[in-house]
Amino acid sequence: MKLILMGKCAMEAKDMENRLSIRAKAILYLYRGLHAFVLFPTLCLAPILGKFSRRIKEGFNDYFGNVKLPKEFKKPVLWVHGVSMGESMVALGFAKELKKKYPDSTILFTTTHPDVMKDIKKKEIADAAAYFPLDNYRAMNKIFNRWHPDAVFIAETDFWPEFSNKCRQLNIPLMLINGRISSKIASFYKRAKGFAEIVFGAFSCFAVQTRTDADRLLEIGVPIDKIQILGNMKADFTQTNQVDLTVVSEWVNDRKLVVFGSLHPEEFDILKPMFKKLASKNIAVIIAPRNIKLAQDWQNSLNKDGLNTCLKTSIKNTDVMILDTIGELASVYRLSSASFVGGSLDENKTGGHNPLEVLQQNVPLLMGPYYRNFADIVEQLKEVKGIEIINNAEEGYYSFIKIISDQSRSEKMVKAGEFVLNSNKGVVTKTLNLVKDLI
């Protein structure tokens, strides 16, 4: 994808602390005061909350900046942050590429997601990893004094005033990679100009996915020379783990298979009438809850409706399978005749999960009408007829049947998806070209 906004990212280091306006300084001090006010009762509840939350139990010390140090510091020290699962997919892939590009560097990584933390420690991707600290003055001072980063990279969207201000104070280049600016974020910061000055004024460069993201940054007040439109980096990093699918293949047997990936509870309720209709046509159905803790409840619900259902961890000869495992969904897509990607049927919630996992498996793709997180990809797919958008169970049923029964239609969708996927690759290389100017 060609750069749409030209101009080099502003990379020169500046001491911006004294350049904050009086309004921004006042807001920063107010923010610190409110943070301190809320912190004390939270600390009192921490021992209780730790019994129910892996994040608190595992990350308590990290939250106050008491992060582990790498065995040795090699220059440059590069800190990569991915707030949750989706952002961390990009952050982890980018951290690997940074290590290849700068083999003598120190790679540091933060996240807020326990499964991401487990994965990064297992694969030893970073020299040190931690849960992202609380955004207060003391915690941020502590982590920056311990890690001494030479550059910081934030994946997609996670903005914090104290964190940004610390980068500003220490003249540390701060870069947004694979940036995604939602309408809610843009609306808030357009109104809260003092916060916008603190947060966005500290960034050296914004490498964003779409023109819409760039336009929203411009509306917030970000200078045009700090913005680059590169495309979606997930096209470079989306890949299937090597998962043994023998038992799933045997369960499918000689039936056609459709997969519903990353469904939310509301979507499960909306699409439930479709599952029985598909099963009546001897079509196997696999449903993957976004939260696998829902798997047992969903199995019970479908069984009560008369639909023979099993869990993946206890496979039986059934019409429907609930995927109650982590890390297998992208591989399971490969077995399907068509797949639906969830998080896309509720206007006010998620904004769509990753459709690239389906495209990479050369499988026809369906989604709901709310896909703002991947709007650029979906709009490209719509232009070349590489996706079907459904609004309800009835539309979904007929779309699946048409795709499964028409081989020519299916092949055209797959080819269109492959074209869009390939046209979005190469973003990581473009981003690394900006990094060399940054550090």
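Worth a mention:
- Farthest toward positive dipole pole in segment 246-423 [+1 Lys/Arg, -1 Asp/Glu at C-beta], among Pro355, Asn300, Pro289: Asn300
- Pairwise Cα separations in the chain fall into 20 Å bins from 0 onward with the following percentages, short to long: 24, 53, 22, 1.
- Among Ala196, Ala139, Leu174 the positive-end extreme of the charge dipole of the chain (Cβ point charges): Ala139
- For the listed residue pairs Lys71/Lys121; Lys75/Lys96; Lys122/Lys425; Lys276/Lys385; Lys74/Lys101, the alpha carbons are over 18 angstrom apart in Lys122/Lys425; Lys276/Lys385.
- Fluctuation leader among Ile22, Ile224, Ile322 - the chain, Gaussian network, Cα springs under 10 angstrom: Ile22
- Between the beta carbons of Ala192 and Asp115, assuming R0 = 30 Å, the FRET efficiency works out to 0.40 to the nearest 0.05.
- Formal net charge of residues neighbouring Glu162 (Cβ-Cβ distance under 11 Å; K, R +1; D, E -1): +3
- Selected from Phe37, Val83, Val384, residue furthest toward positive end of dipole (the chain; charges at beta carbon): Phe37
- Here the Gaussian network model covers the chain, with springs between Cα atoms less than 10 Å apart; of Gln299, Gln209, Gln407, Gln407 fluctuates the most.
- Share, in percent, of DSSP beta bridges within segment 246-423 that are antiparallel, nearest 5: 5 percent
- Once both labels are positioned 7 Å from their Cα atoms along Cα-to-Cβ, the gap between Asn253 and Lys277 label points is 2.5 nm.
- Charges were assigned to the Cβ only: +1 to each Lys and Arg, -1 to each Asp and Glu. The resulting dipole of segment 246-423 about its Cα centre is roughly 360 debye.
- Here the translational diffusion coefficient of segment 246-423 follows from Stokes-Einstein with Rh set to the Kirkwood radius across Cα pairs; for 10 °C and 1.306 mPa s it amounts to 100 µm²/s.
- Once the C-beta distance of Asn66 and Lys25 is scaled by a Förster radius of 30 Å, the resulting FRET efficiency is 0.60 to the nearest 0.05.
- For the pair segment 178-249 and segment 261-323, the centres of their Cα atoms are 34 angstrom apart.
- Estimated from the Cβ-Cβ distance and a Förster radius of 56 angstrom, the FRET efficiency linking Asn433 and Lys304 is about 0.50.
- Among Gly426, Gly343, Gly179: highest mean-square fluctuation, GNM of the chain, C-alpha pairs under 10 Å: Gly426
- In a simple Cβ point-charge model (Lys, Arg +1; Asp, Glu -1; nothing else charged), the chain has a dipole of about 840 debye relative to its Cα centre.
Where a number appears in this text, it was derived from the coordinates with a stated rule and is not lab data. Keep in mind that what you see is a predicted model, and the values were worked out from it rather than measured. Note: ideal-geometry Cβ built from the backbone for every residue, glycine included; neighbour counts use all protein chains shown.
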